[in-house]
Each structure stands twice: as C-alpha cells, then as structure tokens.
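For reference, the structure is listed below as structure tokens.
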Amino acid sequence: MKRITAALCVSILLLLIQSSFRNTDPDEELRAVIMKRAMLLSAQVHALHNAAIGYATGKTSLAVLRKQLLKTRNAYKGVEYIVEYYYPEHTKEYLNGPPLYHLDPYPYHEGTYYSMPAKVYVNSMPLDYLDKDHYRDEAKVIAPGGLQVLDELVFSEAVDAKRVMALAIALETKWEIIVQALSKRKYFRAFEITEAVRLELIRCFTLGITGFDTPGSLNALAEANATMGALREVIWPLLRQTNLAQRTEVLFSKSILYLSQNNHFDTFDRLTFLTAYINPLYKVIGDVHEQLHLKTSAVLSGKVASWNFYSSNIFSEDFLDPYYYTLLKKEKDNDTLRALGKKLFYDPRISHTGKMSCSSCHQPAMAFTDGVTKSFERNSPSLINAVYADRYFYDLRAFDLEDQANHVIKNHLEFDTDFPEILQKINADTAYVALFNSVFHKPVTRSQFSSALSSYVLSLRSFNSPFDQYVRGEKRTLPKQVKEGFNLFMGKAACGTCHYAPTFSGLVPPLYHESESEVLGVFQHPLQQLTDDDKGRVANHTFSEDVDIYRYSFKTVSVRNVAITAPYFHNGAYTSLNDVIDFYDHGGGLGMLTNQTLSTDSLHLLKSEKAALIAFLQSLTDSSAIRKFSR
C-alpha cells in the first residue's frame, strides 16, 4: 500500500509542476525543467563528496555512504537523457561509464604550449568538445571513474575508502563542467528532447533494468522509476501541444506504478515492461514528434544515423540503419548490385586455388556459419545481421565490411589472393563484365567489387524470429518458458549486459556505435580448466590496442540463431548451449586470466532456469531468414 501511495504522490507532484507551467513558453519550460534537475544532481554529487570524505575519515558510516550514493544515482537518472544526448563521450568517461580499465580517450601530457596549461584545458569544457590534438600523448590504459564504478565499490564487501573519496571528488569536478555547458545553452530544441527521450527509453530497457548500470547495488528498478519520472516531466511541454497528452501520461503513470509495485530484481517481468510500457512509449513519443512537424538531427546534419528515429518499435526491422555501418551509400545500392554481390559470394573462382568461396565458411542453412570447430583460424560467425557492427572479426581487426573482405582475400589460409588477380579473372569473364557494366557503366574496379559484395552481405539481415514477432505484437502468444528465459537473460543471468537488445550482440546501445569485446577466459575444452591460448584483440595489429586489457579479448557476437550455429565461442570448443550456459554460470574462466571482464561469481542458476534460457535462445531462430537467404 505504501508503494502505491508513493507512486500517486509522485503523480500528483508532477501534475502540480505541469499546472504551474501551463502559461509558460515551452522553450523556457524545457530549460527550467532541465536546469532544475541539473541543480538537484549538483547538490547530490556534493553531498556524496562529503559522505565519501566522512567515510574515509571515520566520521560517516558505510550505510550513510551507500544511501547517499543511491540518492545521487537517482538524481543522475533525472538528467541522464540530456547529458547522454549532448555529451556522450564525457558521460561515458567521467560520469557513468562501465567499471573497466580502458584506453584513455584523451591521453594528454603536461605543457603550456597553448593558451592554458593542460590540466586547465581538459576541465574547461566537456570531453566531446575538446581538441584532442592539443597536448596529445602516447596511448595509455587508465582506471575507470564515475557512478558505475562507485556503485561497484561502495556495495562491495571490502570498500576502498580512499579510492571512493578520490572518485567522488573527481565526479564533482567533471559534473560541474556539464552544468556550466548546460547553463550556456539558451535553448533546448524540441526535436532534441524527443530524440533524447526515445534514446533514454532504449537505454532504460537495455542498460538500466538489466543491471548493467548498477553492478554493485542492483538498484536498477528504482533507477528506472526515476528515469520514467524525469522523462514524463520533460516531455510535458511538448505533449500539451498535441492530442497525445492523455495517452502518454497514462503510459508514464502506469509504468512508474508498475516499477514501484514490482521492485525485486530477480523476479521483475522485463518482457511485460517492454511490451506494455517501453515500446508503446517509444512509439507515442515518435508520434508526438511527427504531430509537431519536427525534423531530426540526422536530417538536419545530412549524416546517416545508426539509429532510425522513424522506427516504431525497438524490435522493428528498421530500428537500425545498415548503411551507417558500411561505406556503401543507400542511394548507390540496388537489387542488381545485390545480385552481383551474391554471385561473387558463391563463386569459388575468386580464391587463388579456385576452390573456395565466401559460402565455404558461411552456409545459409546454418545461418551462414559452417558447423566446423574452426574454419582455418577461428570458428565462423553468422553473417545474418553481421552488418550491425563497427568492427569485424573476433579480434576486431576490420573497421567496415569492405575492410573485412580485404582481410579474407589476402589471408594465405583463406583466399590467398589479391585484387589485381581477382580483377584479372573478372575481366576475363564476359558474363561478369556485362554484369558489372550494367551496374556501373565503366570498367571493373576494386571499389566496385567491394561495393557489390558489401551489398549482398548487408542484405543478410532479419529480425523476424518468433520472439520478435511477439514483441512487435504480430504474434499473440509466446511459451511461458520462453518468457521466463528472456527475463532471466535480461536479469538474473546477466546475459543482456553484454549481448544487448535488440541485436543481442556487443553493439552498445542506445546509439549502437561501438562493438564491444570481452575477456571471458574460454577453455580449450569445457571439461578442462585450461584457457585457450589465442591472444585475440591484443594481436589484431591495430594501432594502440596492443595492451594487456585486450589480451584474450574477443568480440561479443550475436546470439540470434544461436540454436543452429554450433559449435560456440571463437575456438568452437563448446558443442552445445548447455555447455555454454554452464560456462557462464560457473564464472567463465574463474579468474584464471587476471584481466577477465566477465564476473567470476556464480550465477546460481537452477536446472529449470538453464532450460528456460535455452528455450528463449531457440525462440531467436529466424527460420524465415534461412528460407529467404537460401540459394
């Protein structure tokens, strides 16, 4: 009863706030709401600073410190949507980035070569706006900072008081830079607010309620509640200009009430939250945008965006724009080019020996894998939805589809050839020459070859599994075990904190700009506790990545269609989904690798929970795509 009363009190308070702004200019109201929330966070960050000092000096208890951290994090959720939208680099690095050692985004050295000393310059504006060539030094690995790190440390068994104090002090310094930047903004434009709110809904679902943001406290649901309240407040000045105000208000009110009444992390029904609140709100905010006749940042900038603002559901087939991830432009792509790329994909004559094609390792019937433990160096990953990545191969050595093909072509274990040899073969084939001429109207070039192949691989995308159909409302029923498996995947089992929805890969939401890699400690064989000796990302010959944090680190690939793509992991050592889930349940490599990024703690999964996880994974099998892409 107390929870319901608290939720109603929040609703009444928000209605009073809305009433007080009824005759206010929407632009002024937006600014007032955002700056009020920013000032609230400033007060909480300062209180956290004091609590951390108090704890380090023995004047404040751990309970008080923990309580203050939770209050600070809740206040941060009140402005996360706008600071992530305007200052994503600064936010990730200093305010709420993952608690992992990483490469410094701005490795500067001391000096006064410019208008001010380096230390002054780096605190003069958000990281996003700094000229990173000023004071640039050699690449280096640094420790993480921000609220996620504090959450992990403060809720650990042994709290490092000095480090917590240092992090809290640094947080206040870096947050005040954002406050200054926000205060200098005269306007917060309507299209920016609708975009920021929709992105925050994605973030709340993919990073919030999964526990990604709260690795220590698991206070994810209370923070989601704070997020929904903040979004409800900031969208009101725009809502009241449309006929969607009542509908949207009801959705926000019910979502807040749902979060208040269902606040246990392990038992929270994330699927219901997605289908009843997140997706409907995502759609209706898009409708608000359209009713107000607003443009988008992508349209105004003329740049291709990774996330398609005009999608209506987080699991829509058009949720992400594949042309963001490739050099091929949408206006240059067409059915004829795609057909040419398909012909090249299946043609063994492309290789030096004339016996290997792309399809040798990527067969449609197995979701474009080959069922072999290792295809030459590593296990072959699926090509369905493979375009949705900013890096390719398990070691992330390629930066686009065209570069990926180049590596295969030159690899002496694979095609063992080069473009001059390939072009010579194509130009000697009158049928190929005619096809290329029909598309490009000029002699065959390397660029044309790459475009055709990219066009075909880019077309291998589909979000039409039984689970997708259910989430989009196209399918009315879903087995109870599958629902349970999804909730486990996104909750207790922590799969969703690395395999992010909706791609269920390491492509990081909500902007989906970055492909992650992880150090799991994969064994050479499931029954032998001997870690695989493949060095992974550290040996990809990419500038600045030859550092220990990337040793044994491999790309997080999608688990879509995973039921038909065995064996698993980069080394293909795991032949069943049962083996894979047992591996994660026992803490991966058990910390045998000092830089393991996967938690070494057991998940304590029951046998029935493991079966439910497998049922969910099987529901991601997209049979329609297999039929569609078969030769």
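Nothing in this text is a laboratory measurement; each read-out follows from the coordinates by a stated rule. Keep in mind that this is a model prediction, so the values were computed, not measured. Because the Cβ atoms are built from the backbone with ideal geometry, glycine has one as well, and the counts that use them run over all protein chains shown.
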Residue 132: which aspartates and glutamates have alpha carbons under 19 Å from its alpha carbon, excluding same-chain residues fewer than 8 sequence positions away?
89, 93, 104, 110, 545
Roughly how far apart, in whole Å, are the Cα centres of segment 124-148 and segment 495-525?
24
Once you place label points 7 Å from the Cα toward the Cβ at residue 71 and residue 124, how far apart are they in nm?
3.6
Divide the volume of the convex hull of the Cα atoms of the chain by its number of residues and quote the answer in cubic angstrom per residue.
173
Any chance you could run the full-extension gain for residue 301 through residue 373? It's 0.36 nm times the residue separation minus the Cα-Cα distance, nm to one decimal.
21.4 nm
Taking H placed 1.01 Å from N in the peptide plane, check which residues at least 5 places from residue 390 or on another chain put their amide H under 5 Å from its amide H.
515
Residues other than residue 606 with Cβ under 15 Å of its Cβ, Lys/Arg counted +1 and Asp/Glu -1, net out at -2
Alpha-carbon radius of gyration plus Dmax, which is the widest Cα pair, for segment 20-85 in Å
15.4, 50
First select every other residue whose beta carbon is under 14 angstrom from the beta carbon of residue 265; then total the charges, Lys and Arg +1, Asp and Glu -1.
-3
C-alpha long axis of helix 245-261 to longest principal axis of the chain, angle in °:
80
May I ask for the distance between the Cα centers of segment 160-178 and segment 42-67, given as a whole number of Å?
11
Most exposed first by the Cβ proxy, i.e. fewest other Cβ within 10 Å, how do 116, 35 rank?
116, 35
Taking the Cα centre of each part, how many Å lie between segment 285-361 and segment 424-493?
9
Across all Cα atoms of segment 566-623, Rg and the largest Cα-Cα distance (Dmax), in Å, are 12.7, 40
Amide hydrogen neighbours beyond the local backbone of residue 370, cut-off 5 Å, H modeled
363, 380
Principal-axis tilt of helix 161-183 within the chain, Cα atoms, nearest 10 degrees:
90
Could you tell me the relative contact order of segment 53-131? Use alpha-carbon pairs under 8 Å, at least six residues apart, and round to a whole percent.
23
Find the all-direction average of the projected area of the Cα convex hull for segment 323-460, expressing the result in square nanometres with one decimal place.
7.8
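Cα convex hull of segment 509-631: mean projected area in nm², to one decimal? Walk me through the intermediate numbers first.
Working: hull surface 39.0 nm².
Mean projected area of the Cα convex hull: 9.7 nm².
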Listed here are the pairs 342/425; 59/174; 162/535; which of them are more than 28 Å apart at the Cα?
162/535
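Using the count of nearby Cβ atoms within 10 Å as a rough guide to exposure, how do 353, 621, 336 rank from fewest to most? Write down the numbers at each step before the final one.
Details: 353 10, 621 19, 336 13.
Listed from fewest to most nearby Cβ atoms, that is 353, 336, 621.
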Helix 2-20 vs. the chain, principal-axis angle (Cα, 0 to 90°, nearest 10)
80
